[in-house]
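In what follows, a structure is listed as structure tokens, so that the remarks can point back to it.
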Amino acid sequence: MSGQSLLVPGELSPTRSVPGNIRRPEYVGKPAPTPYTGPEVQTPETIEAMRVAGRIAAQAMAEAAKIIAPGVTTDQLDKVAHDYMIDHGAYPSTLGYRGFPKSLCTSINEVICHGIPDSTVLRDGDIVNLDVTAYIGGVHGDNNATYLVGEVDEESRLLVERTRESLNRAIKAVRPGRQINVIGRVIESYAKRFGYGVVRDFTGHGINASFHSGLIIPHYDSPHATTVMQPGMTFTIEPMLTLGTYEYDMWDDGWTVVTKDRRRTAQFEHTLVVTETGAEILTLP
């Protein structure tokens, strides 16, 4: 286990601007989004629009990841992803979502999810998750991945590698006619082989014209996740695995979620559409 000191909040930079000609999601400037009441199965036109949004989100994440190195701040990562989305006509979905102040989430080491980019400097041996969502054409595309910073200890490296593999296995389990809980069953059974915790209170979600449609995708074997997958359903799978407990604390900022035992955690995410035979990943660069 790395001997890195625990994270503390840094300083926020001013809110980044978005040109007026770029379409905003309906929730921008509001305390919360309007609840989604539409279908979970999307039209071919919506799915095609989501391919565009997904590609932009994936490429924005890849561009930010290029500068990951010791000495880089999480605010610098935010600027790269923000600028890429703006340059491609997309709105950064997290910016202004329920008051979130930045254009992606940066979650380091013990941060499970929703870390806010700020003046925090990446250190040699850290792991950092980038979570990027783009809104364009009236729909969202959402993805994340965990990256190594410099020379990372073996325990952390394996956690990252195996979390990625848990997502890959979950995607392969997607089939029309199966219940949603098969996804969590696959992830949890794989994670248990290594003694990892599987975060329960933060899940995958339905996504389309709505950032979070109300459909919940647990990453553990939930008896309540009995919704049957159908062709055209769109949702994210985003397992969060931990070296220790899956229980968590939240910082005073109301966003940053850390493991209760402050041990490390990793996450990977794709946006998917259920096909006639399996799943298509919509968030590929």
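The values are calculated or read from the model by the stated rules, or taken from the named source; none is laboratory data. Small disclaimer: the values here were computed from a predicted structure and weren't measured. Note that we place each Cβ from the backbone using ideal geometry, even for glycine, and neighbour counts take in every protein chain shown. Ligands, DNA and RNA are excluded from the accessible area calculation, which covers all protein heavy atoms including side chains. Shrake-Rupley method; radii C 1.70, N 1.55, O 1.52, S 1.80 Å.
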Exercise. Restricting attention to segment 264-280, report how many residues are part of a strand (DSSP E or B), of a type outside the set (A, V, I, L, M, F, W, C) and open to solvent by 10 Å² or more (accessible area, probe 1.4 Å).
Key: 2
Quiz prompt | Residue that is nearest to VAL80 (Cα to Cα) [pool: residues in segment 140-152 that are open to solvent by 10 Å² or more (accessible area, probe 1.4 Å) and not hydrophobic (A, V, I, L, M, F, W, C)] | solution = TYR147
Quiz item: Of the residues in segment 157-199, how many are over 28 Å from GLY125 (Cβ atoms) and among the basic types (Lys, Arg)?
Solution: 4
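Under the condition of being assigned to a loop (DSSP other than H, G, I, E, B) and β-branched (Val, Ile, Thr), which residue from segment 97-139 is surrounded by the most Cβ atoms within 10 Å (Cβ to Cβ)?
ILE116
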Practice problem: Name, by its number, the condition in (1) farther than 30 Å from GLY71 by Cβ; (2) of a type outside the set (A, V, I, L, M); (3) surrounded by fewer than 16 Cβ atoms within 10 Å (Cβ to Cβ) that does not hold for ARG200. | Solution: (3)
Self-check item: Residues satisfying the stated conditions in segment 61-102, i.e. among the hydroxyl-bearing types (Ser, Thr, Tyr) and in contact with a Ser or Thr (Cβ under 8 Å, 6 or more places away or on another chain)
Solution: THR73, THR74, SER93, THR94
Quiz item: Among (1) within 16 Å of ILE127 (Cβ to Cβ); (2) open to solvent by less than 10 Å² (accessible area, probe 1.4 Å); (3) touching a Lys or Arg at 6+ places or on another chain (Cβ under 9 Å), where does MET229 come up short?
Solution: (1)
Practice problem: Determine which member of the set THR106, THR120, THR146 is β-branched (Val, Ile, Thr), farther than 19 Å from PHE235 by Cβ and touching a Pro at 6+ places or on another chain (Cβ under 6 Å). | Solution: THR106
Quiz item: Considering segment 51-75 alone, what residues qualify as being open to solvent by 50 Å² or more (accessible area, probe 1.4 Å) and of a type in the set (A, V, I, L, M, F, W, C)?
Solution: VAL52, ILE67
Quiz item: Residues in segment 37-47: is at least one of a type in the set (A, V, I, L, M) and under 22 Å from THR234 (Cα atoms)?
Solution: yes
Quiz item: Is it the case that ASP78 is assigned to a helix (DSSP H, G or I), open to solvent by 30 Å² or more (accessible area, probe 1.4 Å) and of a type in the set (Asp, Glu)?
Solution: no
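For segment 24-38, does any single residue satisfy the condition of being touching a residue at least 60 places away in the same chain (Cβ under 8 Å), among the small types (Gly, Ala, Ser), over 25 Å from GLN230 (Cα atoms) and open to solvent by less than 70 Å² (accessible area, probe 1.4 Å)?
yes
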Exercise. Identify the single condition in (1) crowded, with 18+ Cβ neighbours inside 10 Å; (2) outside any loop (DSSP other than H, G, I, E, B) that GLU48 does not satisfy, given that it satisfies every other one.
Key: (1)
Quiz item: Hey, does segment 153-162 have a residue that's touching a residue at least 40 places away in the same chain (Cβ under 8 Å), buried (at least 18 other Cβ atoms within 10 Å of the Cβ) and over 15 Å from VAL198 (Cα atoms)?
Solution: yes
Quiz item: When you look at GLY54, is it over 20 Å from THR15 (Cα atoms), touching a helix residue (DSSP H, G or I) at 6+ places or on another chain (Cβ under 6 Å), at pLDDT 95 or above and not acidic (Asp, Glu), yes or no?
Solution: no
Exercise. Exactly one condition in (1) closer than 17 Å to GLU40 by Cα; (2) free of Cβ contacts under 8 Å to residues at least 60 places away in the same chain is not met by HIS219; state its number.
Key: (1)
Self-check item: PHE194 under 16 Å from the mean Cα position of the chain (by Cα) and either closer than 25 Å to LEU284 by Cβ or surrounded by fewer than 19 Cβ atoms within 10 Å (Cβ to Cβ) (or both)
Solution: no
